[in-house]
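No value in this document is a laboratory result; all are computed from the given coordinates. A quick note: this is a predicted structure, and the numbers were derived from the prediction, not measured. For neighbour counting, all protein chains shown are included, and Cβ atoms are generated from backbone atoms with ideal geometry for every residue, glycine included.
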């Protein structure tokens with residue numbers, strides 16, 4: 001299964017994400033440059049963290065117009081797997097590939113620390129190897145990670161089981177204290193209607209090796225790999 005990692009001016013987690021795929025998952029992977037529409041025949045796209053275009057205007061607001069994003073939209077519309085991490089989530093939301101918006105953190109401070117996530121659905125290509133309610137330890141590093149959507153969108157996300165992760169205590173309790181950034185209902189990750197696009201603020205790329213403090217993030221990449229191989233085999 002071939003992966004593509006997008007690279008924008010200001011991306012700073014592109015090599016972290018590439019390393020997980022190449023050195024840990026042992027899968028073919030290539031960088032996809034922001035000003036090219038060529039996706040190089042990849043089977044899954046990873047939109048990494050960082051500060052695309054310096055986060056000018058709003059996070060992801062300029063990146064959405066990059067030539068590569070036009071190809072990513074077509075890829076996603078055709079059912080291709082797309083994972084947006086941190087700034088990648090912000091870009092996917094700005095591009096209309098995911099609902100809602102990422103606002104400035106409550107408290108208006110940059111936050112970089114380990115957090116816990118409760119798995120809200122296993123019905124997706126990104127979470128199929130997780131157990132319902134499984135708690136993952138994955139770090140965050142963002143200034144605009146405060147997820148928000150209107151009441152109707154929230155109702156739809158809940159009704160369609162499209163909330164992938166919520167910030168929780170280590171025991172899996174959803175509490176205000178476990179919410180690091182003020183996100184609506186502790187939401188840390190959401191799926192699109194087709195369930196083939198996931199955006200999440202925490203960094204599985206920074207938690208795929210135990211020497212980094214946790215290898216829980218690897219389960220997300222392994223889920224993608226399992227789903228992709230099954231799809232390619234059909």
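Counting 0.36 nm for each residue step from residue 159 to residue 33 and taking away their Cα separation leaves a gain of 41.7 nm. Listing 149, 86, 13, 112 from fewest to most neighbouring C-beta atoms within 10 Å gives 112, 149, 13, 86. Kirkwood radius for region 3-233, taken over all pairs of different Cα atoms as the inverse mean of 1/r, rounds to 17.1 Å. For the pair residue 131 and residue 212 in one chain, pulling the backbone fully straight at 0.36 nm per residue adds 26.9 nm over the alpha carbon distance. Compactness ratio for region 113-234: Cα radius of gyration over 2.2 N^0.38 Å (N = residue count) comes to 1.02. Gain on full extension, evaluated as 0.36 nm per residue between residue 232 and residue 24 minus their Cα-Cα distance, stands at 72.8 nm.
Would region 1-90 count as rounded, prolate or oblate if I go by the C-alpha gyration tensor, calling it rounded below 1.5 in a/c and otherwise prolate when a/b exceeds b/c, oblate otherwise? The shape class here is oblate. Taking label positions 7 Å along the Cα-Cβ direction at both residue 150 and residue 171, the computed distance is 3.9 nm, reported to one decimal.
DSSP beta bridges confined to the chain are antiparallel in about 60 percent of cases. Contact order for the chain, expressed relative to its length and based on alpha carbon pairs under 8 Å spaced 6+ residues apart, stands at 20 percent.
Computed over the chain with a Gaussian network model linking Cα atoms closer than 10 Å, the most mobile of 183, 168, 66 is 66. For region 95-173, a/c is not less than 1.5, where a ≥ b ≥ c are the root eigenvalues of the C-alpha gyration tensor, and a/b does not top b/c. That puts it in the oblate class.
By the count of neighbouring beta-carbon atoms within 10 Å, fewest first, 221, 89, 75, 65 end up ordered 65, 75, 221, 89.
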